[in-house]
Each structure stands twice: as C-alpha cells, then as structure tokens.
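Report on one structure; see the data block that follows.
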Amino acid sequence: MIEKLLTPYNPLDAEDRIYAIWKESGFFNPDVCIEKGVTEKDAPYFSIVLPPPNVTGTLHLGSAYMLALQDIMTRFARMQAKRTLWIPGTDHAAIATQSKVEKQLQKEHGKSRHDFGREAFLHHVGTFAQESHDTIVSQMMKMGCSVDWSREAFTLDQKRNIAVKTTFKQMYDDGLIYRGYRVVNWDPKGQTTISDDEVVYEERQSVLYTFKYSPEFPIAISTTRPETKVGDTAVAVHPDDIRYKEYVGKTYDLEFCGESLSITVVADISVDPLFGTGALGVTPAHSSIDWEIAQRHNLPQKPVINEFAKMSVESPLLSGKKVLEARELVVAYLKEHDLLLKEEAVTQNVSTAERTGGIIEPLPKLQWFINVNKEFVYPHENLPHVKKGDIVTLKKLMLSVVEEKNIDILPDRFVKVYTHWIENLRDWCISRQIWYGHRIPVWYKGEEIYCGIEAPEGADWEQDSDTLDTWFSSGLWTFSTLGWPAPKGTLGETGPENDLANYHPTTILETGYDILFPWVARMILMSTYLVGAIPFKTVYLHGLVRDNKGQKISKSLGNNIDPLDMIKDYGADAVRMALIIGTGPGNDSKISLDKFKAYKHFANKIWNIARFVVTTAGPKPDVKPEITDQDYALLEEQNELVREITEEMDQYKYYLAGEKLYHYIWHRFADVIIEESKPILKDGTDVEKNSRVWTLYCILETSLTALHPFMPFITEELWSILGKKNLLMTEKWPLLR
RNA sequence: GCGCGAUUAGCUCAGUUGGUUAGAGCAUCUCAUUUACACUGAGAGGGCCGGGGGUUCGAGUCCCUCAUCGCGCACCA
C-alpha cells in the first residue's frame, strides 16, 4: 500500500477504480447505509434530485459544475450521518431532442420524420436518446457523482408516464386544463406551438411603414408587418383621441392588395395615442394583443398566414408567397398606389423559437392550456399558509409559498425576479405538434371527448396526436421520482416504495438561474397542486460557466471545453475544485486552464503531504501518546477551521469553505506545520517526537475527511493507503467524531 | 419603459451584521534549494475599492446620483 505513495498520484488510474468501489459498496443508496449501520434509521434526511440533463448529447462544463456542487452537498450530508439520497435521471427534452434527430436523419438519409412515420421515427429518437443517456451516465461517474443509481429515472419512462397521465387527468377533471382556440406561438421551422418562455427575442433592424389601406379610408396606420394587414378586420384608436372620434363605430369595405377587407373603427384603451398615427390596424388572427382587442369588440378573425409561414389568401398577388416576399409585394403595392406615407428604420425584437431558431408566427390554433388564473378549492392540508378549503389559483399557490418563505431562493434577489414573472404569467400552452414526448391522454370520437389514464373502451376512439411540453413532466420531477402517484407512504420504512414519505419535500434544489421560470416555477406549481407540499425547501441557483474572456461557452463559438478532456489532463478532483472555488450562487464564472492546473498541483501537494507523514514521520502509534501543548494548539487550530467551514457549508458557501481548506492544507499544514516538524522529528525528545507523529496523522486524517466532499477521489485513495478499513465516503464529518 | 446584477492589485475573484494598516490565487520580480513535493519554499512590488454627493466618531460595506458593461421582464403598431 505505502509503495503507492512513492510514485506520483495518478488520477486516471485511481478514479475509475475508486468509483467502482463506491458503487459496489451500495452506500450511494440510503437503504444500504441504514442496513449496514452507517446511518440511523431515524436520522434526519437530506434529499436532492438531479436536474435531469437533456438526452441531446453530452455534458458541458456547466453540467460538470452543477454535478460538482451537488456532489459536495450530498457527500457532506452523508458524512453528517443524514439519510442521504441523490436521485439521478435524464430528460427526454421533447423538441430539443426531436429536432436534433430530425436534422441528423435529414442529413444522413435525406428523409423527414413524415417519411419514416411516427413509429419508425420514434424508434430512431429512442436509439439516439439511449446513446446520449449512456454518455451522460459515464460522464457523471467520471465526475464522481454519488447518486443512487438504483433509483435512476427518465422523464419519459413508464413510471413517469403514469405520473404525467395522472396529473393531466386530475387537472382536466378540476377544469385547470382546457382546450382552447386562440393565437399561440407557432414555430414554422419546428412545426409546433411553443410556450411563452420558449420564445427568445432577438433585436433586429426593421422598417416601420405608415400607410392607408385605400385612398378613401380616413385613417393611416403603422406597422412593421404590412403583409399581415390583409388580415385586418378593424382599426383601433384610443377612446379619448379626438382626431378619430368621428370614425369610431363606422365600417368601411375596401380593396387592399387584391383582398376585400371590411374594417370597423373601434375605440380601445390599450391603444397608445402617441405611437405612430395613434391608430392600430387590428389583425386578430396574427397577434395575441389584437386577438384580445377583437374579443372585446366582437370582431371577426381572418387568418391569412398558414403553418408554413406562407400567405393563405385568395389574392393572386400574395397567395402562397412566403411572408417576407409578401411583405415586399405589399410595400410595392402601397408605393404604386401612392398609399405609403412614411418609412422609418426601427430596431425591433423578433420572436424566435429557442430550439429551432425559427421566427415565430402568431397563429390561431386549437391547443391545450393550463389555466393559471382559475379559482379552485384547495384540497390539501399540509401547506403552512394555504388551508384546505381556501379558494386559490395556481398562480396564487406559486406566489404564496415563495412570498411566505416556505421556499428560500438563493441568492434572494431572485425572489423578486420570480414574483415578477409569476405575476405576468399567462396560461401555459402545453400541447406540442411533435412526436417525441408524452402523448396527450385524451381520445376523441365525433363530438365526444374522453380524458383518462387508459384508452376508453369501444371502437372508433382516436387519441389526440399531440404530445406534452417537456416541462410538464419535468415539473413532477421531485415526486414522480419518489414513487408518486402510487407511494406506500410509510414514514421510516426503508425502500424506494416509501420514498415519498421519507424524502419529500426534497432538501434543496440546485440548478441554473436560467431555468428558474421554465422548471423551478413549474415544480412549485405541480407539487403544491398535486401533493400539497412544497417540492423543496431551498433553491440554490448557480450561474453560467463562461470562458476566460467571459464569453458564453457554445459549440458555435468554438470555445467548448469537454469536461472529460479536463478530467483526463488534470483529474476529476482538480476539475471539481476549479469549477467550485470563487463561484458563489447566482454569479457567472470564468474558467481557464490555469485554474485546473492550480488544483492539479494541489492534489499533488496533498499526495506528498501524505508521503511525508507516512514515510518520514513513520507509522502511526497504536496508542495515543502524551500530546505536547504545542501540538494541542495545532489540533485546536484545525478544529477551529473545521468549525468555520462547517458553518460556511451549512450556508451553502462552498466556494469559501473549499478555498479555506486549500489554504490551510497547503500554506499551514504543509508549509508551516510539516516544516517545523522536521527538526522535531530529528532532534526532539521522545515525548515531542511521539506527540508530533500522532498529531501529524490526526491533522492529515481530518484534512482528508473535510476535503472529501470537494476532492473525493484522492482523499478516498489516501484514506485506504493509510490503512483505514472503512470508506471515507461514509466516515463521520470531523465535528461528529 | 420596469427591474436586477457587476465595477476592489496586471488577470480571476473574496471581503459576512459598517470597526485596527483592504485580502487570496494566478501572473511579475528577487532569493533559496542534491528537498515529502520544481506540480517547491521564503520574500517583494503592485489598490483614490468606477465618478460625484450624503449619513456616521468611523464607509469597499449604508443612502442618493451619474457612468460603463452584462442580464431579465415588458413593449414590439
């Protein structure tokens, strides 16, 4: 064993071997810990779900950072003798995965998903997802993640499918899910609707045209999208605008670009009289604002753009033309007929689809929605600030648990961001016209509709062909992974079937601030509604990992760093430290090779400290010798350090705790304590020598223990070299010994 | 338009509730060293804590204001 110390530390050799030992031990599973007497059955629990990585490929540095943070939390809890559960899993990521596979198939076979058909296409996606999954799992192992693999979940597996269908049915029965015809965000490229928070705004240069529909029409309007104006059914003005008062209520029949339009002038307070001409051409079918105006004034809708972003009008001028082409044609028409009054350059936010980059086309469609404003009677008893029988809405539930501080968000400035977002929340469009995902559990037969977990009895029922937004299933993650909807619910009994009783609410959710809305908010919605509990007590939001220039890491920028390459060059422990240190919650961080290098040196330092203690100081005495005052002081000093870092870790300040340990081990233990030990070991009295040898071992062991959550591999390796029989991963945290 | 964050040494960042002389790592420079470890040690230089104003016995820290950068939301006729 000791011979190993004489050669430099080789992370490549040690890490895989050690991970296999951990996994083999079963201690990632809290049931095994209880069974083998490592953890008390009634110990407090610590539970955390892994934000399931998308099965769209491989993990990046940001994921590695997330894994490192969560593993630190988990290992720290396990060493504090808590019943510790970290649940791993992956996310099917509906649109993201499907569009990736579609691209691949198009490239390799020149075929679209429709050429393959639903079943064959899904088979291809399944294969791709499985490969990505396997890669991700192996990356997690390389990082040292102490997750309970026996409880691994997938957002699209059988159990999660039951959870999804159960949820859908319950919300449907409660009237919280409804089917409605309205303007939605349509992605022509992905051929599906998307929700409001899957829309990304891009600033672009555009032209604002001011014109009249026809010479006889009295009011000029402004728009950046002249091609949609063939779908206008009204012009809206502010009720107090004296310029237009005389026209309000009148209807004009006119010809515009070869289309017959019937335009009614209406007064609506949503119109800003100072913008443009103060008159707004209302296009109910292609703008959600206009749709609402049309609802208020009972105006007809006239769709003029189809799902392929082409004009669907009769007019020979525009029929079948792409919207951009049609725009130019309409502008030419306006010029030709002397109707164009003004052209101004403006910067404008263009809506694009997050996953495909397609320009969003607002279209009226029949879709499924979750009603966030509908009042219902709250059926659960366990929320502290919402009582059974209270009238609530999903929005109110989402707001109250955060406002009442049942859930803490770190850093707390995100509380404001969260509240603001919820307050502006509109109904959540959950249906997608893609194939990869949970199919909507609704069947149709003529006018009849059936919603259920299983298909209805009898012939001629046809299932809705749409699938659900990926966040619908992710929203259930904290409890769908713990046995819901069929938990036994026996508190204190071990085994996965009792997980919901034993491990929910989860202790902490650790994720990126960029998915506060799509994910964290949805989990709060689903958990408070379905389980009657908060999904987690604390939300720790981490920032983005950027390159050393502060740029976002992405494949297109070519600055992508593969965590596996870093692990190969520097070791997983060094990668973890480099990602963790200097990175507080909510702040983006910059990473450079120098940082990885620095912590590789640190690993080497620890290795050599152990070599010095074992070889130069000699073996640890079997019996504790008399300890000198000087050495007591050293031990007490280290104790104080451990107390400090424990407190910091309790406050989630891992970046501080890690740095302090680093500093202590290198610049105190190695540079000072070991240096001053040399003359003592050489020329000291027997009492001094024995005391110092014992003390060096104590300091080393405590250092390894405290450092274990941060650098699990090298500390475990040294622990075994020191001849310890147990695994360091289940050793008690220094303060508990 | 509304809101949030950042601004501290050449670089990356700490700096808890206001409290001695503002810290760390990396980088730079000097010196040491057949050393547990060159993946080393000792030391040095380097800061108007973004600008201005205020509160206070005392401000990097609290308040106001401006500037630059970044982000979120809304608008997007």
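If you scan region A:582-598, which residues turn out to be within 6 Å of RNA strand B (Cβ to nearest atom) and part of a loop (DSSP other than H, G, I, E, B)? Scanning region A:582-598 gives A:582, A:584, A:587. Residues of region A:263-290 that are under 17 Å from residue A:246 (Cα atoms), more than 8 Å from RNA strand B (Cβ to nearest atom) and of a type outside the set (Gly, Ala, Ser): A:263, A:264, A:265, A:266, A:268, A:269. Got at least one residue in region A:481-491 being in contact with a strand residue (DSSP E or B) (Cβ under 6 Å, 6 or more places away or on another chain) and not basic (Lys, Arg)? The answer is yes, given that some residue of region A:481-491 is in contact with a strand residue (DSSP E or B) (Cβ under 6 Å, 6 or more places away or on another chain) and not basic (Lys, Arg).
Against the conditions (1) crowded, with 20+ Cβ neighbours inside 10 Å; (2) more than 13 Å from RNA strand B (Cβ to nearest atom), residue A:624 satisfies every one except (1).
Rundown of residues vs (1) over 29 Å from residue A:87 (Cβ atoms); (2) β-branched (Val, Ile, Thr); (3) at pLDDT below 85; (4) within 15 Å of RNA strand B (Cβ to nearest atom), yes/no style:
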position	(1), (2), (3), (4)
A:510	no, no, no, no
A:515	no, yes, no, yes
A:532	no, no, no, no
A:542	no, no, no, yes
A:545	no, yes, no, yes
A:551	yes, no, yes, yes
A:562	no, no, no, no
A:580	no, yes, no, yes
A:606	yes, yes, no, yes
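Only one of the listed residues (A:189, A:165, A:169) is more than 16 Å from RNA strand B (Cβ to nearest atom), surrounded by fewer than 19 Cβ atoms within 10 Å (Cβ to Cβ) and part of a helix (DSSP H, G or I). That residue is A:169.
Kindly indicate the residue of region A:608-618 that is more than 9 Å from RNA strand B (Cβ to nearest atom) and in contact with a Leu (Cβ under 7 Å, 6 or more places away or on another chain) and also nearest to residue A:410 (Cα to Cα) among those meeting that condition. Within region A:608-618, the match that is nearest to residue A:410 (Cα to Cα) is A:614. Inspect region A:1-10 for any residue being within 16 Å of RNA strand B (Cβ to nearest atom) and basic (Lys, Arg) and give the result as yes or no. Checked region A:1-10: at least one residue is within 16 Å of RNA strand B (Cβ to nearest atom) and basic (Lys, Arg). Screening residue A:180 with (1) more than 10 Å from RNA strand B (Cβ to nearest atom); (2) exposed (fewer than 14 other Cβ atoms within 10 Å of the Cβ); (3) over 30 Å from residue A:95 (Cβ atoms) gives one miss only, at (3).
Are any residues in region A:261-277 part of a loop (DSSP other than H, G, I, E, B) and under 27 Å from residue A:328 (Cβ atoms), and if so, which ones? Correct list: A:275, A:276, A:277.
Within region A:534-551, the set of residues being outside any loop (DSSP other than H, G, I, E, B) and among the polar types (S, T, N, Q) comprises just one member, A:538. Total residues in region A:629-651 satisfying the condition of being more than 13 Å from RNA strand B (Cβ to nearest atom), β-branched (Val, Ile, Thr) and buried (at least 19 other Cβ atoms within 10 Å of the Cβ): the figure is 1. Taking region A:481-504 as the range and being in contact with a Pro (Cβ under 7 Å, 6 or more places away or on another chain) and surrounded by fewer than 19 Cβ atoms within 10 Å (Cβ to Cβ) as the test, the residues that pass are A:497, A:501. In the set (1) over 20 Å from residue A:299 (Cβ atoms); (2) within 13 Å of RNA strand B (Cβ to nearest atom); (3) small (Gly, Ala, Ser), the condition left unmet by residue A:222 is number (1). Restricted to region A:289-311, and to residues there that are part of a strand (DSSP E or B) and aliphatic (A, V, I, L, M), the residue that is nearest to residue A:191 (Cα to Cα) is A:305.
Taken residue by residue, region A:113-131 has no member that is under 23 Å from residue A:194 (Cβ atoms) and of a type in the set (S, T, N, Q).
For region A:317-342, a residue qualifies if it is within 16 Å of RNA strand B (Cβ to nearest atom) and surrounded by 14 or more Cβ atoms within 10 Å (Cβ to Cβ), and the qualifying residues are A:323, A:326, A:327, A:330, A:331, A:334, A:339, A:340, A:341.
Is it fair to say residue A:434 is more than 16 Å from RNA strand B (Cβ to nearest atom) and surrounded by 15 or more Cβ atoms within 10 Å (Cβ to Cβ)? So residue A:434 passes the test.
Only residues that are under 28 Å from residue A:182 (Cα atoms) and free of Cβ contacts under 8 Å to residues at least 24 places away in the same chain were counted across region A:353-387, and they come to 2. For region A:652-692, the set of residues classified as more than 8 Å from RNA strand B (Cβ to nearest atom), without any contact (Cβ under 8 Å) to a residue 40 or more places away in the chain and loosely packed, with under 15 Cβ neighbours inside 10 Å consists of A:676, A:679, A:682, A:683, A:685, A:686, listed by residue number. Look at region A:46-69: where a residue is under 21 Å from residue A:98 (Cβ atoms) and a partner is of a type in the set (D, E, K, R) and part of a loop (DSSP other than H, G, I, E, B), sitting 6+ places away or on another chain with Cβ atoms under 8 Å, you get A:58/A:562; A:60/A:562. Checking each residue of region A:343-354 against the condition of being surrounded by fewer than 19 Cβ atoms within 10 Å (Cβ to Cβ), under 26 Å from residue A:260 (Cβ atoms) and touching a helix residue (DSSP H, G or I) at 6+ places or on another chain (Cβ under 7 Å) gives no match. Restricting A:446, A:475 to those that are at positive phi and either surrounded by fewer than 20 Cβ atoms within 10 Å (Cβ to Cβ) or more than 13 Å from RNA strand B (Cβ to nearest atom) (or both) reduces the list to A:446.
I'm trying to understand the selection: among the residues of region A:693-720, which are over 38 Å from the mean Cα position of the chain (by Cα) and either away from RNA strand B (no atom under 15 Å from the Cβ) or not hydrophobic (A, V, I, L, M, F, W, C) (or both)? Those that are over 38 Å from the mean Cα position of the chain (by Cα) and either away from RNA strand B (no atom under 15 Å from the Cβ) or not hydrophobic (A, V, I, L, M, F, W, C) (or both): A:694, A:695, A:697, A:698.
Residues in region A:242-260 that are within 30 Å of residue A:329 (Cβ to Cβ), without any contact (Cβ under 8 Å) to a residue 40 or more places away in the chain and part of a loop (DSSP other than H, G, I, E, B) were compared, and the one that is farthest from the chain's Cα centre (by Cα) is A:250. Among the residues making up region A:404-426, a single one is surrounded by fewer than 19 Cβ atoms within 10 Å (Cβ to Cβ) and either touching a Ser or Thr at 6+ places or on another chain (Cβ under 7 Å) or modelled with pLDDT of 95 or more (or both): A:408.
The values are calculated or read from the model by the stated rules, or taken from the named source; none is laboratory data. This is a predicted model, so every value here is computed, not measured. Neighbour counts are summed over all protein chains in view; Cβ atoms, including those assigned to glycine, are modelled from backbone coordinates with ideal geometry.
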